[in-house]
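First up is the structure itself, then whatever we jot down about it.
The values are calculated or read from the model by the stated rules, or taken from the named source; none is laboratory data. If you're wondering where the values come from, they're calculated on a predicted model, not measured in any experiment. With ideal geometry, Cβ positions are generated from the backbone for all residues, glycine too; neighbour counts draw on all protein chains shown.
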Amino acid sequence: MKKIHIALLVVAFLTAVTSVYSLAAINQVYDINFQWYSTFTKAYSDEVRDLSREKWQMEGTEPNLKIGVTSSGNVDQGISDRINQEALDIDYEKYFMIWATMGEETSPEYSVHFSSIAQRGNVVEIIVSINSPIKIWDRDVELTKSYYPYDVIRVNKSSLSGRGKLLFIFKDQSGNQLYSEYMYI
């Protein structure tokens, strides 16, 4: 075998190894850590939330569910009225915010929480836990008190594996897509 053939085989082998490594890197999923806003302490926390008690998952999409991502603090006026203003006051140079609200509900057992975030390439996937109270009545019950379940999290921009125009996809506990939006981070 000539030296040129050996050199071509080495180059072909290195090209194949590099291609396999690049494909593996593209398909790599990165878990993203986030901090959630506690309405009890009125501060962000990175403690792990126990969402195991949220067992009455909503069937289908909640009609009043609103979800969004902001890197500038601009949140719809109707939603910002329901969310504690302390939750909206973050350093947008360092963090971006993800929020969800179910609108007005009649029971404090309704809840919406972000349970996990992962990134693959330019796609950020967020799992949203949406729960309702156990159904104990088969008739409509008039309750006078209103509740506004919501969740706000902040994510450090440096925790993302890629920046620029990202596609945020929100899914429920069963993997059904709820919402998607592009955002520059």
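General observations
- Condition met for Glu86 (part of a helix (DSSP H, G or I) and either at pLDDT below 85 or in contact with a Phe, Trp or Tyr (Cβ under 9 Å, 6 or more places away or on another chain) (or both)): yes
- Selection count where residues are among the aromatic types (Phe, Trp, Tyr) and either over 13 Å from the mean Cα position of the chain (by Cα) or part of a loop (DSSP other than H, G, I, E, B) (or both), scope region 103-124: 1
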